[in-house]
Amino acid sequence: MYDPKSLKAEEFISHEEILETLSYAEKNKNNKELVRAILDKAKERKGLPHREASVLLACEDPEVIAEMYDLAEQIKKDFYGNRIVMFAPLYLSNYCVNGCVYCPYHAKNKHIARKKLTQDEIVKEVTALQDMGHKRLAIESGEDPINNPIEYILESIRTIYSIKHRNGAIRRVNVNIAATTVENYRKLKEAGIGTYILFQETYHKESYEKLHPTGPKHNYAYHTEAMDRAMEGGIDDVGLGVLFGLELYKYEFAGLLMHAEHLEAVHGVGPHTISVPRIKRADDIDPSAFDNGIDDDTFAKICALIRISVPYTGMIISTRESKSVREKVIRLGVSQISGASRTSVGGYCEPEPEDDNSAQFDVSDNRTLDEVVHWLMDMKYIPSFCTACYREGRTGDRFMSLCKAGQIQNCCHPNALMTLKEYLMDYASPDTRKIGEALIQSELQNIPKEKVREICADHLEKIEEGIRDFRF
Ligand code: SAM
């Protein structure tokens, strides 16, 4: 029944295979010899299949966990260096016909303020985001064929790309909208989107159907097979995710890796990113009503093991997580974070009054983008506003080849420095700018190829003179 190459949800995410995996992991979690062999295999940095990764997740030996964390940290350094890519979500509309029981946008919620941005309002929101320094957005929308048809999403993407305010520009729009048709994915691809993101929420079919009792999202197979349709529609970069707290985390972890293995088996390229959201308090949602919440240590263990299991896949943490949790997991493998996020529709221009709340969930990190950038640099990370890969056609397997050839340091590293320089020139506070300039000077020396280093230094000077948007 289990077949990673099948295009049927219940065959590539086989319930029986997950159950067998969990029982194998439980049986072997104290099998020192096997755990040692899996760790040694992980050290080859080629990833781990779901069964072996699940044994490590089940293992509770503090020494083994410490070794996992060290390895995750090392893989993160080797593959991603010290760059952290920055983005912000932009909520277009919270009209929704679904009945997701964990989300306040569910159709039965009659008291949440329903909002949908007009194109003029999008201009205002995006101008505010550009004025913070953002270059990369993830657009979010509820599912509603009447209020939020694909034409609305496409028009919004065109509007976003067209706005050029001062030196600002949104250079990459990622899209997190409900599962749709191959034809619509093709339209999104033509509109120039970066990654198509869709969270599975849970891989457990029975729970999935209960958690999505009504609306088109109820269809487990249609939702689970969405990434295959997206790839068929020409989208190379897809982003997976699980909403932790809905089901048993060990089940979700195995399902997530099986999904990644399926994409690799069928399309020759794994997911571009994996997101790891946890359920948060929201309008009429109480996270404690869900039995499967995970504590911060388990969360960190999952992040470290994703890093080890799929080294070439970026990992995203949103402002659902607090500063201290983010600090911990960034070290263990996260490569992208959001900053200064608003989860309400129209929240960037002006804060919403309390009695008119359209937010999807409470954020735990309320800092400004400048504070987040400053904080990252204090920890010696390079905040990167780079969007070069997809604009240079390095998507899907072409991006993976860049990673695998170890050329990231000659490409992503200078791009990070140049986009950070733009941020410092155009948006940073004096203090942030000061530490940023020093960081750029020292990090310039870490570009391996002399020629690339020289070109980068020259571009940095030109940015100082007012020219923008250099990239390798
Ligand atoms: N509506 C789209 C869909 O059906 O996939 C996606 C957009 S939705 C705005 C983005 C994600 O937010 C959802 O996939 C879900 O995982 C997450 N989410 C919903 N309610 C949440 C909550 N209370 N706390 C944290 N995340 C939540």
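Of the residues making up segment 344-362, just one is buried (at least 22 other Cβ atoms within 10 Å of the Cβ) and either β-branched (Val, Ile, Thr) or free of Cβ contacts under 8 Å to residues at least 60 places away in the same chain (or both), namely VAL345.
Restrict the check to segment 444-465 and report whether at least one residue is surrounded by 15 or more Cβ atoms within 10 Å (Cβ to Cβ), within 25 Å of HIS272 (Cα to Cα) and basic (Lys, Arg). No; the residues of segment 444-465 include none that is surrounded by 15 or more Cβ atoms within 10 Å (Cβ to Cβ), within 25 Å of HIS272 (Cα to Cα) and basic (Lys, Arg).
Could you please give the count of residues in segment 285-297 that are assigned to a helix (DSSP H, G or I) and hydrophobic (A, V, I, L, M, F, W, C)?
First, the residues of segment 285-297 that are assigned to a helix (DSSP H, G or I): 287-289, 296-297.
Then keep just the ones that are hydrophobic (A, V, I, L, M, F, W, C); that gives 289.
Residues flagged as assigned to a helix (DSSP H, G or I) and hydrophobic (A, V, I, L, M, F, W, C) within segment 285-297 amount to 1.
May I ask you to say which residue of SER54, SER23, SER6 is part of a loop (DSSP other than H, G, I, E, B) and among the polar types (S, T, N, Q)? So that I can check it myself, show each step before the final result.
On the way: SER54 fails: part of a loop (DSSP other than H, G, I, E, B); SER23 fails: part of a loop (DSSP other than H, G, I, E, B).
Answer to the selection: SER6.
The residues on offer are GLU121, GLU60, GLU125, GLU73, and the sole one that is in a helix (DSSP H, G or I) and under 26 Å from ILE302 (Cβ atoms) is GLU73. Cβ separations smaller than 7 Å between residues 6+ apart or across chains give the following pairs from segment 118-140 residues that are among the small types (Gly, Ala, Ser) to residues that are surrounded by fewer than 20 Cβ atoms within 10 Å (Cβ to Cβ) and assigned to a helix (DSSP H, G or I): GLY133/ASP426.
Only one of HIS262, HIS267 is farther than 17 Å from TYR2 by Cβ and modelled with pLDDT of 95 or more; which?
On inspection, the qualifying residue turns out to be HIS267.
Kindly establish whether VAL334 is within 14 Å of the ligand (Cβ to nearest atom), in contact (Cβ under 8 Å) with a residue 24 or more places away in the chain and buried (at least 22 other Cβ atoms within 10 Å of the Cβ). So VAL334 fails the test. Being within 16 Å of the ligand (Cβ to nearest atom) and among the hydrophobic types (A, V, I, L, M, F, W, C) is a property that ALA128 lacks. Considering only segment 262-274, I want to know if a residue exists there that is among the small types (Gly, Ala, Ser) and surrounded by fewer than 21 Cβ atoms within 10 Å (Cβ to Cβ). Yes, because at least one residue in segment 262-274 is among the small types (Gly, Ala, Ser) and surrounded by fewer than 21 Cβ atoms within 10 Å (Cβ to Cβ).
Kindly indicate the residue of segment 275-298 that is of a type in the set (Gly, Ala, Ser) and surrounded by fewer than 20 Cβ atoms within 10 Å (Cβ to Cβ) and also nearest to GLU232 (Cα to Cα) among those meeting that condition. Quick ask: steps written out before the conclusion?
Quick first cut of segment 275-298, residues of a type in the set (Gly, Ala, Ser) only: 275, 282, 288-289, 293.
Next cut, surrounded by fewer than 20 Cβ atoms within 10 Å (Cβ to Cβ) only: 288-289, 293.
Numbers: SER288: 39, ALA289: 38, GLY293: 35 Å.
That would be GLY293.
The values are calculated or read from the model by the stated rules, or taken from the named source; none is laboratory data. Everything quoted here is computed from the prediction, not taken from an experiment. Cβ coordinates were reconstructed from backbone atoms using ideal geometry, including for glycine residues, and neighbour counts include every protein chain displayed.
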